[in-house]
Amino acid sequence: MSDVKKLAILPGDGIGPEVVAEAEKVLKKVEELFGHRFETSRGVFGGIAIDQYGTPLPEDTLAICKEADAVLLGAVGGPKWDNNPKETRPETGLLGIRKALGLFSNIRPAVIFDCLKEASTLKPEVLEGTDLIVVRELTGGSYFGEKFRRETENGQEAVDTCVYNVKEIERIVHQGFQIAQKRRKKLASVDKANVMETSRLWRETVNKIAPQYPDVELEHILVDNCAMQLLRRPASFDVIVTENMFGDILSDEAAMLTGSIGMLASASLGEGSFGLYEPVHGSAPDIAGQGIANPIATILSVALMLKLSFNYQEAGDSIERAVKNVLDAGHRTGDIAVDKSKALGTTAMGDLIVAAMTR
Ligand code: IPM
Ligand code: MG
């Protein structure tokens, strides 16, 4: 019998609660099969928290997260809050929780599921073998630098500052190298060192660290070129490490390569084993409440949590295996179905995955 792990569950907005409900069924099955124990607390976060408490990240929610060993997040946002001022936007809650929990590293794998190759907009021969991870710095850069407006003779002027110090760069770059060491041992460090001072410091820092990882093949690549090479030779990338804004953009591009954003999980990590896990996709307000959302990305986020935060390797594997078996057997939700008339709903997909889990 293992110790009890505390989970903070933040279902959020849109399809968030629907997909999180399926992930919770999977957690229950993990308890049954493996004897692990989870104690869950729910927090209100995102647009729903704005409606109920006037702020996207209420104190209580943050306190629940700080007490927990890991956080599972559904998705936040929706048109209802899109025109709100900055303080009462769901995105502000997302940035706030990342900073408050010290989650400086965002890990987004993009992997082609063989049986879903036809779902991508790219040719299958270009995609063959694509299996990469974007490691994105999450608490620095222009997202968190000073921002302000001022009056000038040409009208209002807006300023976003991009700031990085060596320590911030070092900790994320070490992570990139260490993840690469456990994979195909290739690291692409992405910057804009031909223009940005922060990028020049980034590249210098990467070069200073590189000798500590002689087994990893390092490539420096400019962000514009990387965006191009991701479409031209996606399979040649293993681990990509980059700053916050570049990582935001490239991780969306990488996710789209797979053609199945409803399948991709992500982790945001800090120091130690604590992490926040969430699907890469958003709250999909257009299909919310219809019971048709794909729960697989959230279910795979649970697998990632079990492996990265708790070191429950077998339980994580069992979830991933169950997902693969269900897909191999031809079951699909609407977003990945070729024949939409045969598409399964959210709970039916969750049930099949739970039923397919074995020790
Ligand atoms: C993401 C999102 C967020 C980001 C937005 C919603 C603030 O795009 O998680 O990638 O830019 O980080
Ligand atoms: Mg993004």
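Per-residue 3J(HN,Hα) values for region 261-266, derived from phi via the Karplus relation 6.51 cos²θ - 1.76 cosθ + 1.60 with θ = phi - 60°, read 4, x, 10, 9, 9, 8 Hz in sequence order (x marks Gly and Pro). Between residue 152 and residue 321, the modelled labels are 6.1 nm apart [label points 7 Å from Cα along Cα→Cβ].
The peptide list 113-125, 238-250, 163-175, put in order of mean Cβ contacts within 10 Å with the highest first, becomes 238-250, 163-175, 113-125. Counted residue by residue at 0.36 nm each, then reduced by the alpha carbon distance between them, the extension gain from residue 174 to residue 225 reaches 16.1 nm. Its alpha carbons give the chain an Rg and a Dmax of 20.4, 70 Å. The label-point distance for residue 185 and residue 204, in a model that sets each label 7 Å from Cα toward Cβ, rounds to 3.1 nm.
Which order do the peptides 72-78, 328-334 take when ranked by the mean count of other beta-carbon atoms within 10 Å per residue, highest first?
Values: 72-78: 25.9, 328-334: 15.6.
Per-residue Cβ counts within 10 Å, averaged per peptide and sorted highest first, yield 72-78, 328-334.
As a fraction of the 1.4 Å probe accessible area of the chain, surface on carbon and sulfur atoms comes out at 53 percent.
Built from the Cα atoms of region 121-257, the convex hull projects on average onto 9.6 nm², one quarter of its surface area.
Listed by chain and number, the lysines placed with their C-alpha closer than 27 angstrom to that of residue 66 are 5, 6, 25, 28, 29, 86, 99, 167, 307; residues fewer than eight positions away on the same chain are left out. Taking the Cα atoms of region 202-264, the ratio Rg/Rh between the radius of gyration and the Kirkwood radius comes to 1.00. Which stretch or stretches of region 268-285 have amide N atoms under 18 Å from the point lying 7 Å from residue 66's Cα along the Cα→Cβ direction? Once the point is set 7 Å along Cα→Cβ of residue 66, 270-276 turn out to lie under 18 Å by backbone N, inside region 268-285. Per-residue ellipticity at 222 nm computed for the chain from its helices equals -12500 deg cm²/dmol, with DSSP H segments shorter than 4 residues left out and the rest contributing -39,500 (n - 2.57).
Centre-to-centre, using Cα atoms only, region 127-180 and region 49-126 are separated by 17 Å. Would you list, by chain and number, the aspartates and glutamates whose Cα falls below 19 Å from the Cα of residue 186, excluding same-chain residues fewer than 8 positions away? Partners found: 128, 131, 137, 170, 204, 215, 217, 219, 238, 243.
Output the peptides 128-139, 224-235, 265-276 sorted from most to least packed, where packing is the average of other Cβ atoms within 10 Å over each peptide's residues.
Details: 128-139: 21.8, 224-235: 15.6, 265-276: 19.6.
Descending packing order for the listed peptides: 128-139, 265-276, 224-235.
Between residue 42 and residue 165, 0.36 nm times their residue separation minus their Cα-Cα distance comes to what?
Working: separation 123, 0.36 × 123 = 44.28 nm, distance 3.54 nm.
Roughly 40.7 nm would be gained on extension.
The values are calculated or read from the model by the stated rules, or taken from the named source; none is laboratory data. The shown structure was predicted, so the numbers you read here are calculated from the model rather than taken from an experiment. With ideal geometry, Cβ positions are generated from the backbone for all residues, glycine too; neighbour counts draw on all protein chains shown. Just so you know, the surface numbers come from the protein's heavy atoms only, side chains and all, with ligands and any DNA or RNA stripped out. Shrake-Rupley method; radii C 1.70, N 1.55, O 1.52, S 1.80 Å.
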